1. Select from the stretch 19-36 the residues that are among the aliphatic types (A, V, I, L, M) and closer than 13 Å to Val101 by Cα and list them in ascending order.
2. Please enumerate the residues belonging to the stretch 198-223 that are open to solvent by 20 Å² or more (accessible area, probe 1.4 Å), touching a residue at least 60 places away in the same chain (Cβ under 8 Å) and either touching an Asp or Glu at 6+ places or on another chain (Cβ under 9 Å) or under 16 Å from Ala10 (Cα atoms) (or both).
3. Looking at (1) open to solvent by less than 50 Å² (accessible area, probe 1.4 Å); (2) under 20 Å from the mean Cα position of the chain (by Cα); (3) of a type in the set (A, V, I, L, M, F, W, C), which is the only condition Leu80 fails?
4. When the stretch 113-134 is examined, which residues are found to be hydrophobic (A, V, I, L, M, F, W, C) and either more than 27 Å from Asp48 (Cα to Cα) or open to solvent by 50 Å² or more (accessible area, probe 1.4 Å) (or both)?
5. In the stretch 164-194, what count of residues is obtained for those that are surrounded by fewer than 15 Cβ atoms within 10 Å (Cβ to Cβ), touching a residue at least 24 places away in the same chain (Cβ under 8 Å) and more than 21 Å from Arg72 (Cα to Cα)?
6. Of everything in the stretch 49-78, what is assigned to a loop (DSSP other than H, G, I, E, B), hydrophobic (A, V, I, L, M, F, W, C) and touching a Gly at 6+ places or on another chain (Cβ under 6 Å)? Give them in sequence order.
7. Go through (1) surrounded by fewer than 16 Cβ atoms within 10 Å (Cβ to Cβ); (2) without any contact (Cβ under 8 Å) to a residue 24 or more places away in the chain; (3) closer than 15 Å to Ala114 by Cα one by one and return the number of the condition Leu140 breaks.
8. Could you say which residue among Ala110, Ala156 is small (Gly, Ala, Ser), open to solvent by 10 Å² or more (accessible area, probe 1.4 Å) and in a helix (DSSP H, G or I)?
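The values are calculated or read from the model by the stated rules, or taken from the named source; none is laboratory data. These numbers were taken from a predicted model, which means no experiment stands behind them. Neighbour counts are summed over all protein chains in view; Cβ atoms, including those assigned to glycine, are modelled from backbone coordinates with ideal geometry. Only protein heavy atoms, including side chains, enter the accessible area calculation; ligands, DNA and RNA are left aside. Shrake-Rupley method; radii C 1.70, N 1.55, O 1.52, S 1.80 Å.
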Amino acid sequence: MIMSAYEWQAVLLSLQVAGVAVVCSLPFGILMAWVLVRCRFPGKALLDSLIHLPLVLPPVVIGYLLLIGMGRRGLIGGWLYETFGISFSFSWRGAALASAVVAFPLMVRAIRLALEAIDLRLEQAARTLGASPWRVFFTLTLPLSLPGIIVGAVLAFARSLGEFGATITFVSNIPGETRTLPLAMYTLIETPGAEAAAARLCVIAIVLSLGALLLSEWLARWSQRRLGA
């Protein structure tokens, strides 16, 4: 299957957006999962609900909220643009932000399950031996939760590849800038005589998503074997 320049552009942009979304959101995902598992405080249930809210909200609603919050005239986006010259509107950075928000609950959930499976007595024993909380986290908790972190990151990456509603609402459908794989496919579907190209992009999207899921499973098993050794 020979891909056209249009298709290559959409695929490469999607990989770039998904990669940036995962890399930038992963530290926050680990932090939020740790807070939900290890901390007790008033409003914990509300925080948990807010983190998982993108799973049930229509993507268009998420895109609209990002537009009024992170747009160039938004509450936060306006300050970022005036202070640092950073703009998320109508750029691939905005597409990455939208993908990160939509995929964040999947990442947090996978990491949270991994943290819940760790025996607290191991951490308590390390502290008894004189290890600081930071050292316990980086040398014990984080390595033991590595399979869940890998699964969460790859699931978020796969979800980011398929993000459509929030992206087109927040940053529009600009060729070469925000037209990721789903948006390119949508454009082809709306174009008369482009059914074959749309079908090719459909196959590419399936292959990329399936490959990400298989990679997630393989990496999780590999890390479990390493930790077991």
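1. Val20, Ala21, Val22, Val23, Leu26
2. Arg200, Val203, Leu208
3. (2)
4. Here is the first cut: in the stretch 113-134, the ones hydrophobic (A, V, I, L, M, F, W, C) are 113-115, 117-118, 120, 122, 125-126, 129, 131, 134.
Passing the criteria: Leu113, Ala117, Leu120, Leu122, Ala125, Ala126, Leu129, Ala131, Trp134.
5. 0
6. Residues satisfying the conditions are Leu75, Ile76.
7. (1)
8. Just a single option satisfies the conditions, and that option is Ala110.
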